[in-house]
Amino acid sequence: MPEVLDMAGPILEVLTWLCLPLGIILWVAAAVVARFQVAWISTQGVVYQDDGGIGVRWFDHLHEVHSALLEPGDARGLKAGHDLVVYYERRDPSLCRTTAPDSPGEPFLVVGRLLTAIGVAALASGFVLPLF
C-alpha cells in the first residue's frame with residue numbers, strides 16, 4: 001500500500017498543475033466569448049399571412065416594428081394571429097430566429113468547470129495524502 005501512496009503524490013501534483021490553471025483559463029475564455037457574442041433578445045411576436053407567405057411581426061427594444069417571413073419548417077402549424085416567441089439581434093433587430101440561440105462560450109465553460117474541479121480535488125487530495 002505505501003507504493004500506491006508514493007505514486008499518488010506526483011500524479012496528484014501533475015493533475016493540480018495541469019487541470020487547475022487550464023480550467024481557470026477556459027473560464028476566462030468563456031467570459032470573453034460571452035462578452036463579445038451577439039446579444040439576442042427574446043420578445044413576443046404575432047404571426048401574419050399575406051401574399052408573400054407566413055411571417056411574424058414584433059417590436060424591438062426601441063419600440064420599432066419589424067417583420068420577417070418564416071421558413072416553411074418554422075411556419076408549419078401556425079396561423080395568422082398566433083403568438084410566437086422571436087429572438088432578434090440587438091445590433092440589427094431585423095435579424096430574427098424562432099429558436100433559442102446557442103451560447104458559443106458554453107463548451108469552454110463546461111470544460112473549464114470540469115478541469116477546475118479536478119484540479120481543486122487533486123490539490124485537496126495532495127494536502128490530505130501525507131496524513132496516511
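The values are calculated or read from the model by the stated rules, or taken from the named source; none is laboratory data. Fair warning: this is a prediction, and the values are worked out from it, not measured in the lab. Methodologically, a virtual Cβ is constructed for each residue, glycine included, from the backbone with ideal geometry; neighbour enumeration extends over all protein chains shown. These area figures cover heavy atoms from the full protein model, side chains too; ligands, DNA and RNA do not enter into them. Shrake-Rupley method; radii C 1.70, N 1.55, O 1.52, S 1.80 Å.
All conditions in (1) more than 19 Å from the chain's Cα centre (by Cα); (2) over 18 Å from S67 (Cβ atoms); (3) open to solvent by 40 Å² or more (accessible area, probe 1.4 Å) hold for A122, with the sole exception of (3).
Could you please find all residues in the stretch 49-61 being open to solvent by 20 Å² or more (accessible area, probe 1.4 Å) and over 26 Å from the mean Cα position of the chain (by Cα)?
Narrowing the stretch 49-61 to residues open to solvent by 20 Å² or more (accessible area, probe 1.4 Å): 49-54, 57, 59, 61.
The answer is Q49, D50, D51, G52, G53, I54, R57.
Evaluate the stretch 62-73: report whether one residue or more is among the charged types (D, E, K, R), open to solvent by 80 Å² or more (accessible area, probe 1.4 Å) and either within 30 Å of L15 (Cβ to Cβ) or in a strand (DSSP E or B) (or both).
Of the residues in the stretch 62-73, the ones among the charged types (D, E, K, R) are 64, 71.
With open to solvent by 80 Å² or more (accessible area, probe 1.4 Å) added as a condition, the list becomes 64, 71.
After this cut, where a residue has to be either within 30 Å of L15 (Cβ to Cβ) or in a strand (DSSP E or B) (or both) as well, the list is none.
Checked against the condition, which is being among the charged types (D, E, K, R), open to solvent by 80 Å² or more (accessible area, probe 1.4 Å) and either within 30 Å of L15 (Cβ to Cβ) or in a strand (DSSP E or B) (or both), the stretch 62-73 yields no hits at all.
Scanning the stretch 102-119 for residues that are open to solvent by less than 40 Å² (accessible area, probe 1.4 Å) and not hydroxyl-bearing (S, T, Y), which turns out farthest from E71 (Cα to Cα)?
In the first step, residues of the stretch 102-119 are kept if they are open to solvent by less than 40 Å² (accessible area, probe 1.4 Å); the result is 105, 112, 115-116, 119.
Restricting the remaining residues to those that are not hydroxyl-bearing (S, T, Y) gives 105, 112, 115, 119.
Numbers: G105: 27, G112: 37, L115: 41, G119: 47 Å.
Within the stretch 102-119, the match that is farthest from E71 (Cα to Cα) is G119.
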